[in-house]
1. Tally time: how many residues in the stretch A:317-360 are in a helix (DSSP H, G or I), within 23 Å of the chain's Cα centre (by Cα) and not acidic (Asp, Glu)?
2. With respect to the numbered conditions (1) under 24 Å from the mean Cα position of the chain (by Cα); (2) surrounded by fewer than 20 Cβ atoms within 10 Å (Cβ to Cβ), which one is the sole condition not fulfilled by B:His196?
3. Report those strands (runs of 3 or more DSSP E) wholly inside the stretch A:108-208 carrying at least 2 residues which are more than 28 Å from B:Gly274 (Cα to Cα).
4. What is the one condition in (1) outside any loop (DSSP other than H, G, I, E, B); (2) in contact (Cβ under 8 Å) with a residue 12 or more places away in the chain; (3) open to solvent by 10 Å² or more (accessible area, probe 1.4 Å) that A:Val365 does not satisfy?
5. With the checklist (1) at the interface with chain B (Cβ under 7 Å from one of its Cβ atoms); (2) touching a residue at least 60 places away in the same chain (Cβ under 8 Å); (3) not in a loop (DSSP other than H, G, I, E, B) in hand, flag the one item A:Thr103 doesn't pass.
6. Just to verify a result, which residue in the stretch A:385-404, among those that are free of Cβ contacts under 8 Å to residues at least 60 places away in the same chain and outside any strand (DSSP E or B), is nearest to the chain's Cα centre (by Cα)?
7. Identify, from the list B:Ala143, B:Ala182, the residue that is assigned by TED's automatic domain parsing to the domain that holds B:Ala263 and crowded, with 18+ Cβ neighbours inside 10 Å.
8. Condition first: aliphatic (A, V, I, L, M) and touching a Lys or Arg at 6+ places or on another chain (Cβ under 7 Å). Can you find one or more residues in the stretch B:283-295 that meet it?
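The values are calculated or read from the model by the stated rules, or taken from the named source; none is laboratory data. Not measured: the values here are computed from a predicted model. Cβ sites come from the backbone with ideal geometry, for glycine too, and all protein chains shown count toward neighbours. Surface areas here come from the heavy atoms of the whole protein model, side chains and all, with no ligands, DNA or RNA. Shrake-Rupley method; radii C 1.70, N 1.55, O 1.52, S 1.80 Å.
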There are 2 protein chains.
Amino acid sequence: MQQQSESSSAGRLIRHFRNTKYMINESRAFFDAAHAAGIMAVHGRSTIGRAFALGTGSLDSRSRVIDFVRCSYLGLDNHPAIVAAAIEAIQAHWSLHWSCARTRLNFDLLAELEATLSDMFSARVLAFSTVMLANLGAMPLLASGQLTGGCKPVVVFDRIAHVSLAYHKPVVADETQVETIAHNDIDALERLCRKHPLVVYVCDGVYSMGGTSPIKELRQLQDRYGLFLYVDDAHGISLFGRQGEGFARSQFPQVLGDRTIIAASLGKGFGASGGILMLGTADQEDLFRRYSIPYAFSVAPNLAAVGAALGSCKIHRSVELSERQMRLAQRISIFDSLVATAEQGNSLPIRMISIGSEAKAIAIVGELLNAGLYTSVTFFPTVARGRAGIRVCITADHEVDDIERLCDCILEKVPDATAKPTPLASVPP
Amino acid sequence: MQQQSESSSAGRLIRHFRNTKYMINESRAFFDAAHAAGIMAVHGRSTIGRAFALGTGSLDSRSRVIDFVRCSYLGLDNHPAIVAAAIEAIQAHWSLHWSCARTRLNFDLLAELEATLSDMFSARVLAFSTVMLANLGAMPLLASGQLTGGCKPVVVFDRIAHVSLAYHKPVVADETQVETIAHNDIDALERLCRKHPLVVYVCDGVYSMGGTSPIKELRQLQDRYGLFLYVDDAHGISLFGRQGEGFARSQFPQVLGDRTIIAASLGKGFGASGGILMLGTADQEDLFRRYSIPYAFSVAPNLAAVGAALGSCKIHRSVELSERQMRLAQRISIFDSLVATAEQGNSLPIRMISIGSEAKAIAIVGELLNAGLYTSVTFFPTVARGRAGIRVCITADHEVDDIERLCDCILEKVPDATAKPTPLASVPP
């Protein structure tokens, strides 16, 4: 949601970051229509690969659907080694969860997980039960100035930074100045760096609706002005880097330093459950281990999540990771060779098919589901009004046949989306 | 943290809800001392009952410690039936977590869990991965007025409402008026109800540092003024009620109605992992299932949490629940018969031993740990400065010997805390 301004009765400019009432009023009809069409809040049971058994009740009576919704980009979320490691962890402790702050008592396996991830990602890694909570814990610390030498920075958000970041703008603004700039507007960010002695920039690494942050340009601003970067790379982890360090981390030097924090998911590409922060210094680690709010309350990842993540670490350190990264790249290329999107040719697994009308997008996603293909309808507030579309998550575990069938079905409904052959969209050898 | 006010350069009163820098500066030395003393961020492995193996590495070399920190009040967090149900759920889906919004795709078992809990608690129950996220999702909806007939309410917080509620004050204040009243100040709340047509009150059911909300008096204000209540009963769930509906829910009528939302934990007393909201109407449920932020992103409870909660539901619906509730009451009485606290005689499992000096509290908790008894040191910002103490969580699974030994050790260090025999503190037959 965009920031709005109004004059208060006292004549002073008050800025509003959120307008929940407006957002609900403007989108409720779309949500209701999508639910009525049976394409939202779907239930199912995981089977093999990217298929799931639709609905609840007896498995025999359920239809088999190929899923293009969940963000398990490397197809790891039902990997036997990860599932087995989750079970082993529970059995080793004969417990699932300890209800107490991480400042008090922690499962020993959680220490092992943090040490393993720290080694893999050349950073000081802290684990959380979700990325959303990792971000919640970080925002007040950024605002306090404790990460920038004791001086409160101006905190700048990318306009389309994920809601799990943007939610906290009023909390940050309660403690320091907050600015919002246009998406990836490096010039605007540089102007703010020139104007203010300390600037923090908050953005996604890979954006959940497509596209990325210009990490190289951000690093230049960091070198030039000491810009502090907070990058949520939930969607970029595991897809890039020799050990899956992700879109953002793989573009920073071996030593992360004291001006960069990267958040990432242990779900999504990583295939387990939970979230992490990659920190650069011992001081930062001490600060988070004392004052990150979720860290100080009972929201550690549960043991199944810890075990699954340890299982996934083994895969990330084996040749299987690059094989899966490559399989994903091939499948993305196959999709791109058939269906044209704004994302065509990039190496990310998210594709957005523009439809325009919300009603039409809902209808098409319903028809795809009837054909056994589950995709996400996207509409306001996720995208602008009248710019509804279909979001497709491609994974390394999709059968090539399933991708081709999805593309055929999409093109039947949206013939304009037929891809023109380009060198970029050809399948790599 | 208390709300602070200051005049802006424009002369208008700006209210600050958070002051992270101040809080850190005032408490950092205590945190550092407690970590140096080895009594914070402890690691361990669950063994049997309330014992755990301290540290990491080989199990043989670790000492056995009795834990009085974690909030598993009924001793369920390593109950064989709950642990087995967690494993069964993972095996049934051969997955742990689906990385996608609950508005998209859900495990069928999650639907079963929500239906079971709804039936047990006579409410429309939505499950979340943590109570903290359940609260995060609710706060903007409260502020928007969508839960109060489309009109924005004044949202009133109890001064010591849990940080997982208080954190969101600036977010709520960005959309509507926020007030903070003294702890349990019913008169102040009634004055606000008289002054404003729509008031929401946000409080804990059972406070994590002792004490409760006056639910009866709050219900009277609800009847008189239409007050909307949002009660976080994370610490009250399972301890009260025939099916463990908790401190708050058990004091409301069978039909929850359209003016009460209760948040609760599936960890703590419940013994699994995750959080829930108990809603009263279909409209509320539709609203949350569309617009609660964590619901709309990839933060569903993972399958191990869902399975464990389903296992705990079976215990909650059996005679074992009341047996455990009774065992807990007996153990609380034993503690109260030996050690005097402000909580003496109440039926809650949290006891706070006042020490005063932070250094002394840290030293005593360190000595207790050396004696094989792990308790929580509490200091600012959890309690006021100079009012440090020791927090003890009593559970149904503590051996009576262990409670007596803890009391003896506490009284050795704090002889003033010796209980005077009173009828309230006697062990029930």
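1. 13
2. Only one criterion is unmet by B:His196, namely (1).
3. A:154-158, A:178-181, A:199-204
4. (3)
5. (3)
6. Once the filter is applied, the top-ranked residue is A:Arg387.
7. Testing whether each residue is assigned by TED's automatic domain parsing to the domain that holds B:Ala263 and crowded, with 18+ Cβ neighbours inside 10 Å leaves just B:Ala143.
8. no
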